[in-house]
Amino acid sequence: MREVVVVTGGSRGIGRAAALRFARAGTSLVLVGRDAVALGSAAEECRRRGAEVLTLPIDLSSPDGPRVAAEATIAEYGRIDVWIASASVFSYGSVEDTPDEVRDRVIETNLTGHMRAARAVVPHFRAAGRGTIVFVGSLYSQVAGPYVSSYVAAKHGLLGFTRSLRQEMLAHRGIRVKIVLPASIDTPIYQRAANYTGRTAFPLPPVVSADRVARAIVRVARGPRHEVGVGAAQFVTRPLQFLAPRVYDRFIRFLQHALGLRRRPAAPTAGAVLAAQHDAGAVSGGWPRFPLRGHR
């Protein structure tokens with residue numbers, strides 16, 4: 001019997017990389033995202049690797065989106081074994097300059113949507129006596145950075161929510177709640193980010209491949225660990241923030257100005273935060289391990 005795996009945000013980046021990993025195991029995949037074109041492209045890649053694939057063009061930030069996705073999966077396959085919560089959008093801008101609707105949509109997509117998904121999926125897990133949900137958090141679930149406050153707030157909230165849900169599920173031994181915490185990953189999220197800084201955005205180095213995160217997602221979904229970080233070189237920031245918070249504040253601000261937001265001018269944009277940008281999608285954003293000033 002094929003394992004039924006739902007991947008939200010399955011059309012691009014980490015979600016698409018995870019879907020391809022699960023596809024190699026011959027799973028029944030359900031790919032959820034806003035962009036039907038990118039979902040179709042991702043589905044074809046997964047089918048070539050042996051998966052049976054259902055695509056659901058649903059916006060996970062909408063109030064009923066997660067419930068509709070869960071119910072459609074149950075209607076098609078009769079159950080959900082694994083739910084990968086990787087849908088995410090990104091925004092650059094100061095607290096003052098970021099429009100309210102962009103801030104709110106980042107939080108609705110990166111936090112509230114995943115909370116709604118858990119509420120929709122957990123009853124099915126309880127009825128089946130088992131099930132796994134893997135949230136995709138971030139290094140920013142544990143540290144902070146300037147000009148990305150909406151993303152930081154959402155990812156901090158997601159880590160706290162994951163831990164609370166895991167505690168609630170302790171009485172249900174077959175239900176497992178996990179989270180993966182990537183640092184800077186080579187995905188298209190930076191090109192598609194909202195940006196109100198006036199500067200061109202780059203991921204902070206070192207950048208690691210999305211497939212590395214996908215491998216971690218598959219391992220944690222099937223293994224005993226609850227929380228896994230990816231991109232160890234950047235995780236030195238956690239003890240620095242804890243042991244020397246003033247030093248960390250100055251260091252991360254300098255790093256963001258020097259490497260994250262380059263001086264090349266950029267017009268204000270909502271990117272793909274408020275609406276899908278329809279294209280074939282991709283796992284990679286084309287970023288090298290140490291992004292150069294001229295790369296884009």
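Of 85, 68, 209, which is farthest towards the positive pole of the stretch 4-265's charge dipole, taken about the Cα centre with +1 and -1 on the beta-carbons of Lys, Arg and Asp, Glu respectively?
209
Any chance you could run the full-extension gain for residue 2 through residue 25? It's 0.36 nm times the residue separation minus the Cα-Cα distance, nm to one decimal.
Values: separation 23, 0.36 × 23 = 8.28 nm, distance 0.89 nm.
This chain segment gains 7.4 nm when fully extended.
Grab the DSSP H runs of the chain that are 4 residues or longer, score each as -39,500 (n - 2.57), total them, divide by all residues and round the 222 nm result to the nearest 500 deg cm²/dmol.
Working: 9 runs with 112 residues, N = 296.
The helix-only estimate for the chain comes to -12000 deg cm²/dmol at 222 nm.
What's the exposure ranking of 92, 147, going from fewest to most Cβ atoms within 10 Å?
On the way: 92 29, 147 24.
In order of increasing Cβ crowding within 10 Å: 147, 92.
Along its three principal axes, how long is the chain when you only count alpha carbons? Whole Å, largest extent first please.
Dimensions of the chain along the principal axes of its Cα atoms: 53, 41, 33 Å.
For the stretch 32-93, state the average projected area of the convex hull of the C-alpha atoms over all orientations, rounded to one decimal in nm².
Values: hull surface 21.3 nm².
The number I arrive at for the stretch 32-93 is 5.3 nm².
Report, in whole Å, the centroid distance computed from the Cα atoms of the stretch 1-67 and the stretch 76-121.
16
With an 8 Å cut-off on Cα pairs and a minimum separation of 6 or more residues, tell me the relative contact order of the chain in percent.
Numbers: 655 pairs, mean separation 66.1, N = 296.
Across the chain, relative contact order equals 22 percent.
Give me the one-decimal nm value for the distance between modelled label points at residue 280 and residue 76, 7 Å along each residue's Cα-to-Cβ direction.
For residue 280 paired with residue 76, the spin-label model returns 2.2 nm.
Once R0 is set to 41 Å, what does the formula 1/(1 + (r/R0)^6) return for the Cβ-Cβ distance between residue 164 and residue 100, expressed as a FRET efficiency to the nearest 0.05? Before the final figure, lay out each step's value.
Working: r = 27 Å, r/R0 = 0.66.
Once rounded, the FRET efficiency stands at 0.90.
Starting from the Cα-Cα distance between residue 127 and residue 235, subtract it from 0.36 nm times their residue separation and give me the gain in nm to one decimal.
Result for the pair: 35.1 nm of gain on full extension.
Measure of size requested: the Rg and Dmax of the stretch 81-146, with Cα atoms as the atom set and Å as the unit; please supply both.
14.9, 47
Give the calculated FRET efficiency between residue 226 and residue 249 to the nearest 0.05, with a Förster radius of 30 Å applied to their Cβ-Cβ distance.
Efficiency, rounded to the nearest 0.05: 0.55.
If the only charges are +1 at each Lys and Arg Cβ and -1 at each Asp and Glu Cβ, what is the size of the charge dipole of the chain around the Cα centre, to the nearest 20 debye? Intermediate results must be reported in sequence, preceding the final value.
Numbers: 40 positive and 22 negative charges, 225 e Å.
The calculation lands at about 1080 debye.
Work out the charge dipole of the chain with +1 on the Cβ of Lys and Arg and -1 on the Cβ of Asp and Glu about the Cα centre, then indicate which of 171, 231, 147 is farthest towards its positive end.
231
Hey, fewest Cβ within 10 Å first, where do 166, 176 land in order? Write out the running numbers ahead of the final one.
Numbers: 166 17, 176 21.
With the sparsest Cβ surroundings first, the list reads 166, 176.
Quick note: the coordinates plus some simple rules give every number you see, no bench work behind them. What you see is a predicted model, and the numbers here were worked out from it, not measured in a lab. With ideal geometry, Cβ positions are generated from the backbone for all residues, glycine too; neighbour counts draw on all protein chains shown.
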